[in-house]
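What follows is a single structure, written as structure tokens, with notes after it.
The values are calculated or read from the model by the stated rules, or taken from the named source; none is laboratory data. Source: prediction; values computed, not measured. Here the Cβ positions follow ideal geometry from the backbone for every residue, glycine too, while neighbour counts run over all protein chains shown. The protein model used for the area step is the full one, side chains on, heavy atoms only, and it has no ligands, DNA or RNA in it. Shrake-Rupley method; radii C 1.70, N 1.55, O 1.52, S 1.80 Å.
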Amino acid sequence: MTDTKNLNETIITMAKAAQQASVAMMPVSSKQKDGALRRVAQLLDQNRPIIQSENEKDLLAGREKGLSKAMLDRLALTDKVIDSMIQGLQEVIALQDPVGSVDSLKLRPNGLQVGRMRVPLGVIAMIYESRPNVTIDAAALCLKTGNAVILRGGSEAIHSNLVLAGILQQALQETGLPTDAVQVIPVTDRQAVNFLLQQEETIDLVIPRGGEGLIRFVSETSRIPVLKHYKGVCHIFVDEYADLNKATPVIVNGKTSRPGVCNALEGVLIHEAVADKYVPEIVKTLTDKGVTVKGCQKTVELCNLAEQALETDWGTEFLELTLVCRVVKDMEEACRYIHKHGSKHTEVILTENYSNANAFISHVDASAVMVNASTRFNDGGQLGLGAEIGISTTKLHAYGPMGLEELTARKFVVYGNGQVRN
């Protein structure tokens with residue numbers, strides 16, 4: 001049984017050390033940060049046997065606990081996964097460091113020059129489930145932007161996360177950077193998370209990454225600002241002016257390419273003007289791909305392959321080969337449905353009408369609104385960020401995938417020449 005008092009003191013000590021490390025990271029050059037990330041990549045490659053030996057302890061424990069094959073696959077640090085981690089580090093190294101850049105520089109009437117400089121957020125706490133490769137991905141993004149990070153992975157990956165933390169800290173030490181800039185909580189006790197979420201004086205942002213239950217728990221417990229992303233209920237609206245030949249592959253890709261991710265398609269709204277023709281076609285195509293289509297009364301009437309949707313199905317994040325289909329009167333009804341049932345993640349209109357496309361973009365509130373493209377493109381790498389630490393579906397302080405810029409804030413910088421205020 002964990003000593004609660006000692007555990008709390010451990011978390012407080014880690015948070016204070018991270019805060020000190022974040023201050024030490026502020027003046028670090030891009031060259032130094034990239035050098036540390038390059039050393040992490042080298043150490044990952046050199047220490048494959050050690051990494052996989054520790055990972056095997058987690059896999060063995062997972063098999064004994066009866067974890068599903070899918071969960072074990074997510075947990076495994078195979079050579080392919082390690083290669084992917086190294087590639088991810090190289091991609092982050094290649095990205096431009098936003099820290100220190102000054103923009104919006106304007107000359108005031110009194111001669112002052114006022115600009116905004118990008119600065120690190122400070123200390124980030126990252127709480128995530130399974131996938132130990134997230135340890136490297138998150139650390140890389142935080143280090144590149146001069147932030148310190150405290151990582152708390154799932155209990156099922158404790159040995160994997162600790163060995164990766166050791167590699168990260170070795171790289172920091174060898175390149176002259178503070179080792180406390182990356183720390184992994186060394187225990188699996190859930191009470192550690194509760195203590196972590198109370199450190200509002202030393203931690204600046206909490207990023208939970210996992211299921212809706214985890215994110216709601218963190219949001220309800222934390223005294224620290226939380227980047228929220230409860231779920232991804234993403235829709236495609238097939239407008240009356242849609243090119244139906246384009247529509248089908250976009251819908252199929254959104255639902256079937258990776259149904260268990262947050263940017264997967266969960267609902268299709270079809271304009272009544274094209275419903276008679278298109279509902280039977282898209283329902284059959286999806287059914288042939290193994291998708292269960294749950295439809296409104298009109299959908300079921302038009303195609304008997306669709307099941308009658310329950311009221312609870314609307315707005316559900318299925319995360320499997322299931323989606324809802326609804327016939328709507330017009331774009332206004334589609335937008336009302338999205339406002340009610342969407343999760344502000346990703347919304348799409350399929351149309352060849354420029355005015356309708358712009359109206360949809362203006363009226364729908366989501367972190368990404370797309371025209372004639374799959375929901376699956378709402379991803380940091382796909383949107384040109386290079387990588388992401390998570391997706392925010394709230395607007396403070398970021399909206400959508402969080403890349404390097406979103407891990408910084410902007411402070412005012414003022415250049416004067418002896419001016420005083422009257």
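For this structure, a couple of remarks:
- Members of region 108-134 found to be at pLDDT 95 or above and of a type in the set (Gly, Ala, Ser), listed by number: GLY111, GLY115, GLY122, ALA125
- Within region 400-422, the set of residues being assigned to a loop (DSSP other than H, G, I, E, B) and either closer than 26 Å to MET26 by Cβ or without any contact (Cβ under 8 Å) to a residue 24 or more places away in the chain (or both) comprises MET402, GLY403, LEU404, GLY416, GLY418, VAL420, ARG421, ASN422.
- Pick from region 372-399, criterion part of a loop (DSSP other than H, G, I, E, B) and of a type in the set (Ser, Thr, Tyr), ranking: modelled with the highest pLDDT: SER374
- Count of residues meeting criterion [under 16 Å from TYR241 (Cβ atoms) and β-branched (Val, Ile, Thr)] in region 345-380: 5
- Total residues in region 406-422, condition more than 12 Å from ARG116 (Cβ to Cβ) and surrounded by fewer than 17 Cβ atoms within 10 Å (Cβ to Cβ): 8
- Conditions (1) surrounded by fewer than 18 Cβ atoms within 10 Å (Cβ to Cβ); (2) among the acidic types (Asp, Glu); (3) free of Cβ contacts under 8 Å to residues at least 60 places away in the same chain: number failed by GLU352: (3)
- Residue within region 272-292 that is crowded, with 21+ Cβ neighbours inside 10 Å and in contact with an Asp or Glu (Cβ under 8 Å, 6 or more places away or on another chain) present: no
- Wholly enclosed strands (runs of 3 or more DSSP E) of region 295-371 bearing at least 2 residues at negative phi and in contact with a Lys or Arg (Cβ under 6 Å, 6 or more places away or on another chain): 322-328
- Any hit, region 243-257, residues being more than 30 Å from the chain's Cα centre (by Cα) and in contact (Cβ under 8 Å) with a residue 12 or more places away in the chain: yes
- Residue match in region 229-250 (condition: small (Gly, Ala, Ser), touching a His at 6+ places or on another chain (Cβ under 9 Å) and crowded, with 18+ Cβ neighbours inside 10 Å): yes
- Evaluation of VAL268 against the conditions (1) in contact (Cβ under 8 Å) with a residue 60 or more places away in the chain; (2) assigned to a strand (DSSP E or B) shows that the sole unmet condition is (1).
- If you go through region 70-107 and keep only what is among the small types (Gly, Ala, Ser), in a helix (DSSP H, G or I) and either modelled with pLDDT under 95 or open to solvent by less than 20 Å² (accessible area, probe 1.4 Å) (or both), you end up with ALA70, SER84, GLY88.
- Residue within region 53-60 that is free of Cβ contacts under 8 Å to residues at least 24 places away in the same chain, assigned to a helix (DSSP H, G or I) and of a type in the set (S, T, N, Q) present: yes
- Number of residues in region 369-389 that are within 28 Å of VAL123 (Cβ to Cβ) and either open to solvent by less than 10 Å² (accessible area, probe 1.4 Å) or touching a Gly at 6+ places or on another chain (Cβ under 8 Å) (or both): the value is 8.
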